[in-house]
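Working notes, beginning with the structure itself.
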Amino acid sequence: MANFDPFGVIRPLGLPSAPQATYYSLPDLNVGNGMGIARLPFTIKILLESALRHCDGYQIHEQDVIKVAGWQAHGVRHEIPFKPARVVLQDFTGVPALVDLAAMRDAMSDLGGDPSKINPLVPCDLVIDHSVQVDYFGKANALAQNETLEFQRNAERYTFLKWGQAAFRNLRVVPPATGIVHQVNLEYLASVVCRDKTSNVCYPDSCVGTDSHTTMVNGLGVLAWGVGGIEAEAVMLDQPIYMLLPDVVGIKVTGNLPTGVTATDLVLRLTELCREIGVVGKFVEFFGSGLSSLSVADRATIGNMAPEQGATVSYFPIDDETLNYLRLTGRSDTQITLVEHYAKLQGLFRDKSTVDPEFSQIVELELAGIEPSVAGPKRPQDRVPLSRLGPTYRQMLTAPAGNQGMGLAASELNRRDLVTTRGSSETLTHGAVVIAAITSCTNTSNPSVMLAAGLLAKKAVEKGLKVKNYVKTSLAPGSLVVTDYLQKSGLLPYLEQLGFYLVGYGCTTCIGNSGPLDPAVETAILENNLVVSAILSGNRNFEGRVHPLTKTNYLASPPLVVAYALAGSTAMDISRDLIGTGNDGHPVYLKDIWPSNQEITDTIRQFVTPAMFKQRYADVFSGSATWRQIPVAASERYQWQADSTYIRKPPFFEGMSAQTQSIAPLTGLRVLAIFGDSVTTDHISPAGQIAADSPAATYLLEHGIARSDWNSYGSRRGNDEVMSRGTFANIRIRNLLVPGSEGNLTVHHLSGDQISIFDAAMRYKQTGTPLCILAGKEYGSGSSRDWAAKGPYLLGVKVVIAESYERIHRSNLIGMDILPLQFLAGDTVANLQLTGNEIFSVDLSDAITSREISVSAAVKDGSAIRFQTISRIDTAVEAQYYRDGGILRTVLKKLVQLAMRETAVPSHS
């Protein structure tokens, strides 16, 4: 309801450039809050403004506003609704979201409703950025060749996306080869303050996105976080996000970064710190005098890695640096004035006089104490000081696999092979860097580290250094602007001389689109069981994610990526050891080629200009000639192709009724898998390359798809047949039902056979046997992948029982009608003596929210193991989703019921 004002707080904005504009005034809101709204954290104020503006007595009530306004540092955490201003999607998760919407149109029609009612009801932007793969590299035409392959592989997907852009209202599509979604969001899509063109109401920019790194715009003062595709679809259909008011952890930043320390080093320390203090499910908000020394690019680097930190958001308030960045990126003077004026009126602007907000916890961070670091070999929170990586690498090789080690015997440590690549022979050993990728996401929003990489490359070339031939090098900037300033500064040719040619614009190595290694390198790794490394400037390095053959993967700043490519190994102390020998015969060390802070600053000031941003984003939605030539047939409902292996109508709405069902006990559950701690969505959800011996490969071959055309799991997210076959198919996943094994394997309890997880699930489905999964801590950590919930749903999983969950995945399980239960503190699979051979029953009723649930596991000898769990259905709304069979069914039922009411009500015209 436009301009509904139950609290009487609508005020004129008072800007000459916007004489009709109004806003909902937070300072004028008086709801008897003892603490005072002025001392609320900035993030809570943004939640409050949204509740106030959307308060309509239907979806959001006055009591919801009072709950948010009453937030206290250690108070009761009430459930609240939140309506973000917009939704951003990338194509890997955007395709299945649009597939679901298309299927919802069909289901709406089947249930007697109007399919045209299914549209995004809030502004949505989809950026095609996850489909480019690094097949070609190390040469001048690599970009053109990779883009050609990208369009060939994804023609059907891109045709579908163009159909969606035409068929659905409120949806814009940013074509391929433009940039990564997070950087496009930061540089162009985010407005910081929005103005509704119809109502003239101004309000804070906020968004949710189908990529967990949507938090990157937290660095710009935009409240944003990642959600699963399932949850995003509900927001697109104008459903609030229902959440518990979060704790807000304040990180007090003081001082300045030392010389030679990058924003990457800072974010890796922050990630480690946040994991130490525990911020899962919490908001992190930065304050303190040190903020003024951090540019928005630095802040965005930190915000990007909020998921790795465990936080929902890592937020920086609007301040002068925000305005500077808006100017730098070519935003209009009118918009910048609006941001400053509105933020100051609302108490959302930080300056030296700002009183520190109240926080649930305060942690201090002195920037002067940050040191150069990398993170790995398997998790982004495992920071390793640069000087410690080499000395500890050999120890890691022999450490047990369960202790972040590789489990090699001492006799295997000296294995090596002479590899001939690109016309020369070099020795490949443990620790060899076979992938060095300046890849999109975390760092490529930041000119300081991108130009530092270019300056380091320049110094290295001038000294005559070369990259080892076995290293696969790549440069995938976050946006076209990065290429502009690398070219204008004259640094791109130096990167190219070291093999860092442009390979594409989008998410590449970090998402597993690293492409194949040289065949000789692959053979040497496999035949000698070599533990080799990838070094990348991304944010994710989970097992099996970057490349199947790189067992150790390290996150690092772009200049360090170049340095390790030159050194050729992570089994050395790059801070002290020789990197190479110069043309003059003298040894070259890292300190000899590392650029000074002044060099970096001077280069940024001279070569990063607003004109670059204005030019690149002037026609951002048009795309290349190849994109524009894709034919699209206009239609209200999508014409599904029966022979398609990319886009299929999903089965999520089959047999659906408009009625809500009661919750009943679950019986006869068999265990599909038992997992340990830190099983990520990378382990669960299909991602990266499709293995030749996998059920998904068998499906594609049966459908006449040659191996060269398999593409990746991510590109086939619109096909449930491929994705269900790839669920739990990660080559590094360890199912404890099959001790000592890795990969896609389980035991089918009814036959005793050891077979793939998909094949076992299908056998269980034939006998009508429901399934459950047992797991340890942090189940579902990592990217916000909807298929990590959709896949298990299609396999027949009804229940997951884990020691703890990552926030997004828990929500997505409920969204797909899978019950998340949590062991009581101290209980584990091991100490309950569960083997996975039991038959489980779960005692359920309609009272299911945040309460103890009894579970019984029947043993073959007739006994039973009984234990209590906690239902992780945390809110009443989540309980409704579960009763309806998932969040999309809830939304569809509401739309059908609304249509029926509208039909039944006589007209009064």
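The values are calculated or read from the model by the stated rules, or taken from the named source; none is laboratory data. Only a predicted model underlies this, so the values are computations on that prediction, with no experimental measurement involved. Every residue, glycine among them, receives a Cβ derived from its backbone with ideal geometry; neighbour counts consider all protein chains shown.
Quick look at the numbers
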quantity: Leading residue by the ranking (surrounded by the fewest Cβ atoms within 10 Å (Cβ to Cβ)) among those in region 680-701 that are part of a loop (DSSP other than H, G, I, E, B) and among the hydrophobic types (A, V, I, L, M, F, W, C); calculated: 692
quantity: Which listed residue, of 364, 358, 371, is modelled with pLDDT of 95 or more and assigned to a strand (DSSP E or B); calculated: 364
quantity: Qualifying positions in region 42-101 - farther than 19 Å from residue 9 by Cβ, surrounded by 19 or more Cβ atoms within 10 Å (Cβ to Cβ) and in contact with a Lys or Arg (Cβ under 8 Å, 6 or more places away or on another chain); calculated: 91, 92, 93, 95, 96, 99
quantity: Members of region 1-24 found to be touching a His at 6+ places or on another chain (Cβ under 8 Å) and either crowded, with 18+ Cβ neighbours inside 10 Å or of a type in the set (A, V, I, L, M) (or both), listed by number; calculated: 13, 15
quantity: Residue, nearest to residue 466 (Cα to Cα), within region 411-446, restricted to residues that are among the basic types (Lys, Arg) and at pLDDT 90 or above; calculated: 416
quantity: Qualifying residue in region 96-105 (condition: of a type outside the set (Asp, Glu) and without any contact (Cβ under 8 Å) to a residue 40 or more places away in the chain); calculated: no
quantity: Test for residue 731: is it within 25 Å of residue 92 (Cα to Cα) and either modelled with pLDDT of 95 or more or in contact with a Ser or Thr (Cβ under 7 Å, 6 or more places away or on another chain) (or both); calculated: no
quantity: Neighbours by Cβ (under 8 Å, 6+ apart or cross-chain): first from region 298-322, within 23 Å of residue 809 (Cβ to Cβ) and in the same structural domain as residue 266 (by TED's automatic domain parsing); second part of a helix (DSSP H, G or I) and charged (D, E, K, R); calculated: 309/275; 310/275; 312/807
quantity: Residue 161 being closer than 27 Å to residue 484 by Cα and touching an Asp or Glu at 6+ places or on another chain (Cβ under 9 Å); calculated: no
quantity: Exclusive hit being outside the structural domain of residue 879 (by TED's automatic domain parsing) and more than 30 Å from residue 507 (Cα to Cα), set 76, 99; calculated: 76
quantity: Residue 601 in a helix (DSSP H, G or I), hydroxyl-bearing (Ser, Thr, Tyr) and either out of contact with any Ser or Thr (no Cβ under 6 Å at 6 or more places or on another chain) or under 17 Å from residue 376 (Cα atoms) (or both); calculated: yes
quantity: Criterion: over 27 Å from the mean Cα position of the chain (by Cα) and farther than 30 Å from residue 114 by Cβ - qualifying residue of 632, 620, 608; calculated: 608
quantity: Residue 229, sole failed condition from (1) under 17 Å from residue 83 (Cβ atoms); (2) modelled with pLDDT under 90; (3) crowded, with 24+ Cβ neighbours inside 10 Å; calculated: (1)
quantity: One residue from 829, 842 being farther than 30 Å from residue 239 by Cβ, at pLDDT 90 or above and among the aliphatic types (A, V, I, L, M); calculated: 829
quantity: Residues of region 627-643 classified as surrounded by fewer than 11 Cβ atoms within 10 Å (Cβ to Cβ), closer than 12 Å to residue 103 by Cα and touching a residue at least 40 places away in the same chain (Cβ under 8 Å), total; calculated: 0
quantity: Single match in 125, 114, 135, 106 (criterion: at pLDDT 90 or above, surrounded by fewer than 22 Cβ atoms within 10 Å (Cβ to Cβ) and among the acidic types (Asp, Glu)); calculated: 106
quantity: Total residues in region 553-581, condition within 24 Å of the chain's Cα centre (by Cα) and either surrounded by fewer than 24 Cβ atoms within 10 Å (Cβ to Cβ) or acidic (Asp, Glu) (or both); calculated: 0
quantity: Region 585-598, subset part of a helix (DSSP H, G or I) and not hydrophobic (A, V, I, L, M, F, W, C), residue farthest from the chain's Cα centre (by Cα); calculated: 592
quantity: Residue ID - farthest from residue 187 (Cα to Cα), chosen from residues in region 604-629 that are of a type in the set (S, T, N, Q) and either assigned by TED's automatic domain parsing to the domain that holds residue 330 or part of a helix (DSSP H, G or I) (or both); calculated: 626
quantity: Lone qualifier among 251, 241 - being among the hydrophobic types (A, V, I, L, M, F, W, C), assigned by TED's automatic domain parsing to the domain that holds residue 148, modelled with pLDDT under 95 and within 25 Å of residue 358 (Cβ to Cβ); calculated: 241
quantity: Residues located in region 860-895, provided they are part of a helix (DSSP H, G or I), out of contact with any Ser or Thr (no Cβ under 7 Å at 6 or more places or on another chain) and not β-branched (Val, Ile, Thr); calculated: 878, 882, 888, 889, 892, 893, 894, 895
quantity: Single unsatisfied condition, residue 677 versus (1) outside the structural domain of residue 803 (by TED's automatic domain parsing); (2) within 30 Å of residue 372 (Cα to Cα); (3) surrounded by 14 or more Cβ atoms within 10 Å (Cβ to Cβ); calculated: (1)
quantity: Qualifying position, being within 30 Å of residue 597 (Cβ to Cβ) and either in a loop (DSSP other than H, G, I, E, B) or of a type in the set (Val, Ile, Thr) (or both), among 420, 444; calculated: 444
quantity: Lone qualifier among 425, 440 - being under 32 Å from the mean Cα position of the chain (by Cα) and farther than 17 Å from residue 552 by Cα; calculated: 440
quantity: Count of region 614-629 residues which are at pLDDT 90 or above and in contact with a helix residue (DSSP H, G or I) (Cβ under 6 Å, 6 or more places away or on another chain); calculated: 2
quantity: Search result, residues across region 644-663 that are surrounded by fewer than 14 Cβ atoms within 10 Å (Cβ to Cβ) and at pLDDT 90 or above; calculated: 651
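Per-residue answers, yes or no, for (1) more than 26 Å from the chain's Cα centre (by Cα); (2) more than 17 Å from residue 236 (Cβ to Cβ); (3) of a type in the set (Gly, Ala, Ser):
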residue: 137; (1), (2), (3): no, yes, no
residue: 157; (1), (2), (3): no, yes, no
residue: 165; (1), (2), (3): no, no, no
residue: 171; (1), (2), (3): no, no, no
residue: 202; (1), (2), (3): yes, yes, no
residue: 208; (1), (2), (3): no, no, no
